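Encoded as structure tokens, the structure appears first; notes follow it.
What follows is calculated from the coordinates using simple rules that are stated; it is not laboratory data. Bear in mind that the values here come from a model prediction, so they are computed numbers and not experimental data. Here the Cβ is made from the backbone with ideal geometry for all residues, glycine too, and neighbour counts use every protein chain on show.
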Amino acid sequence: MTDKIFNPKKEWSANAHFQNIEEYEKTYADSIADRDAFWAEKAERIIWSKKWDSVGKFDFINANIKWFEGGRLNMSYNCLDRHVEAGKGDRTALIWEGNNPSEDRRFSYSELLRKVQKFANVLKN
């Protein structure tokens, strides 16, 4: 059996999270060496209204696992509002595809934000 290698297009590679396997392996090693520091650094990339008290607490015996305990955030803000505020409102935020693959719809960040705000007002009543 021969292993086939498929190299991605250069423009895809240029926008990839990792430029090579060494970068990936270093990131993975960092995540194992100091899990809390690794995930705290990643969590700093989103907006928190209250920073967490602890990154992770794990009780595998009782299946009690907690991430970012004590922290508070608004995921809708992080997923939509901040992108609109950054001038990315016209970019595609969500691609919906129906059961029929020819049936799809694209939602921009601005459009999706308006729909979320409208439904949030329904929930308030």
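Okay, here's what the table says:
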{"read-out": "Residue pairs, from the table K10/K50; K9/K57; K9/K66; K26/K51; K10/K115; K57/K118, whose Cα atoms sit over 29 Å apart", "value": "K10/K50; K9/K57; K9/K66; K10/K115; K57/K118"}
{"read-out": "Percentage of interatomic Cα-Cα distances in the stretch 5-125 larger than 21 Å", "value": "65"}
{"read-out": "In Hz, Karplus ³J(HN,Hα) per residue of the stretch 47-52 (6.51, -1.76, 1.60; θ = phi - 60°; x = Gly, Pro)", "value": "8, 10, 7, 9, 5, 5"}
{"read-out": "Under 5 Å, built H, 5+ apart or other chain: amide partners of A93", "value": "F107, S108, Y109"}
{"read-out": "Cβ-derived FRET efficiency at R0 30 Å, Q19 paired with R72, nearest 0.05", "value": "0.30"}
{"read-out": "Per residue Cα convex hull volume in Å³ - calculated over the stretch 75-124", "value": "86"}
{"read-out": "Derived scalar couplings ³J(HN,Hα) [the stretch 16-30; Karplus, 6.51 cos²θ - 1.76 cosθ + 1.60; whole Hz; x for Gly, Pro]", "value": "6, 5, 10, 7, 7, 5, 5, 4, 4, 5, 5, 4, 4, 4, 4"}
{"read-out": "Phi to ³J(HN,Hα) by Karplus 6.51 cos²θ - 1.76 cosθ + 1.60 over the stretch 60-68, Hz, x for Gly, Pro", "value": "6, 4, 9, 6, 10, 10, 10, 10, 6"}
{"read-out": "Gain on full stretching of the segment that runs from E103 to I5 - 0.36 nm per residue minus C-alpha separation", "value": "32.0 nm"}
